[in-house]
Amino acid sequence: MTGCVRMSPKKKSAYAVPKLKDFSAAALEKAAKELLSALAAESNAVCSEAEWKIFRDRWMARGNGFLTQINEAWLKAAPKDAKRAAGQCVNELKAKVEEKVGATSERVLSEARSKGDTVGRTQTRDSASDPRRGESPGDRIDITLPGIRRPLGAEHPVIKTMNEMVRVFRNLGYSVEEGPEIETDYYNFEALNFPPNHPARDTQDTLFIANQESKPLRERLLLRTHTSPVQIRTMEKMKPPVRVVCPGKVHRNDAPDATHSPIFHQIEGLAVDTNITFCDLKGTLDHAMKEMFGSSVKTRFYPSFFPFTEPSADVQISCIFCGGRGYRDGGPCRNCKASGWIELLGCGMVDPNVYGFVDYDAKKVSGFAFGMGVERIAILKYGVDDIQLFFNGDVRFLEQFG
Ligand SMILES: [Zn+2]
């Protein structure tokens, strides 16, 4: 039987840590033995979570638990020549107490579960007789009391959205790649074809690590401003065909407000193979947007500019709030500013210059890349009006997504 043993109050162990006068090995051994037998007896007497908490605090509380007391009375008080032995003894006892307290908690939880089952069954079958006759009324379990509830965690809405996006591309045969958040200037900018004076390198946007001035520019460290460095790292280690998505956290020197945050998340994608065309890019993103927002969503591509793609495009989806009409509830649609379209992501064909950095033959391969902000998608999907809500950690907001 592993169940708890009820002790009458009289028999209840009243163990107290003795002050030692004799620090010989035999005396320490005797004191340790007494402590361990008190530990075992008290552990056996624990029958509920509430009792376990008292038991745990009695032994392990920082201020005046038995472990603290033996540290003071047996180790600190020991004369110099006995310190070593006393230290060893106290360490061993500490491990044993911690183990026992942990094991007791597990036993109490599993007993509470199985007792709940047994009593529940007995009561429905034969509610006239006391299922645990012979015990005092205080030992009976009142099944009308609430049980021990363990709070369940749930995915954060940003992570949930990110996982959904990743799933869409996994189903298309993409694999997932991740990379460091602290990057070098080379991977974050240079290899992605950002010219040295490109505005994105400006300290206004980029958070640089301090005291890097002695290093050559390309080796200086910064917090990555996009997940694109992962594309370079992937192409360096993988030969075409490449189909990857790179989800992750990125950093910009932006003051937080309803639409900006110094930390946000991106998902980028990269496909490189022979004969990949802009048609493949359009088809892939059109499919992905329909998977995310519903099959009635339309996409359109607008010319744009990114240093690492040529040609580049911004992708808009038909407004999911007004169905692309531009008005709803008898007025102009606020979400798309009455245009019927919402801008969602950037994309383009990989600039042949980029292949030069990763040793791909630009004459033989072609490919496309795309990138999108995860918070932006979560905001649209869940109708959230302030990006800060994702980062404030307010449970009342977060539990709506559980
Ligand atoms: Zn609209």
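The values are calculated or read from the model by the stated rules, or taken from the named source; none is laboratory data. Everything numeric in this text was worked out from a predicted model, so none of it was measured. Neighbour counts are summed over all protein chains in view; Cβ atoms, including those assigned to glycine, are modelled from backbone coordinates with ideal geometry. Side chains are part of the model used for accessible areas, which takes the heavy atoms of the whole protein and leaves out ligands, DNA and RNA. Shrake-Rupley method; radii C 1.70, N 1.55, O 1.52, S 1.80 Å.
Observations on the model:
- Long pairs among 21/94; 239/364; 94/115; 33/83; 290/337; 298/381, criterion Cα-Cα beyond 24 Å: 94/115
- Ranking of 366, 261 by solvent-accessible surface, largest first: 366, 261 (1.4 Å probe, protein heavy atoms only, all chains present).
- Degrees separating the helix 49-60 axis from the principal Cα axis of the chain, which is the longest one: 80 degrees
- Here the accessible area of the range 312-373 is 46 percent carbon and sulfur, with a 1.4 angstrom probe and all protein chains present.
- For the chain, a crude dipole built from +1 on the beta carbon of Lys and Arg and -1 on the beta carbon of Asp and Glu, taken about the Cα centre, is about 1800 debye to the nearest 20.
- Degrees, to the nearest 10: 25-44 long Cα axis against longest axis of the chain: 70 degrees
- Packing here is the average count of other Cβ atoms within 10 Å per residue, and on that basis the peptides 226-234, 286-294, highest first, run 226-234, 286-294.
- In Hz, Karplus ³J(HN,Hα) per residue of the range 286-293 (6.51, -1.76, 1.60; θ = phi - 60°; x = Gly, Pro): 4, 4, 4, 5, 5, 5, 6, 10
- Accessible surface, per residue, of the range 244-402 when the full set of protein chains is kept, probe 1.4 Å, Å²: 49 Å²
- Take the Cα of residue 170, step 7 Å toward its Cβ, do the same at residue 36, and the gap between the two points is 4.9 nm.
- Solvent exposure of the range 152-230 as accessible area per residue, Å², 1.4 Å probe: 52 Å²
- Percent of alpha-carbon pairs separated by more than 38 Å within the chain: 51 percent
- Sequence ranges 342-354, 95-107, ranked by mean other-Cβ count within 10 angstrom, highest first: 342-354, 95-107
- Between helix 228-237 and the chain: long-axis angle, C-alpha atoms, 0 to 90°, nearest 10: 90 degrees
- Furthest towards positive pole of dipole, 246, 206, 153, structure part the chain, Cβ charges: 153
- Helix-only [θ]222 nm of the chain, DSSP H runs n ≥ 4, -39500 (n - 2.57) each, per residue, nearest 500: -11500 deg cm²/dmol
- The Rg/Rh ratio for the range 214-288 is 1.07, where Rg is the radius of gyration of the alpha carbons and Rh is the Kirkwood radius.
- Volume of the convex hull of the range 212-254 (Cα atoms only), normalised per residue: 85 Å³.
- Taking amide H positions as modeled 1.01 Å from N, with prolines and chain starts lacking one, the residues under 5 Å from residue 345 and 5 or more places away or on another chain are 315.
- Residues residue 150 and residue 205, FRET efficiency given R0 of 45 Å [Cβ-Cβ distance, rounded to 0.05]: 0.55
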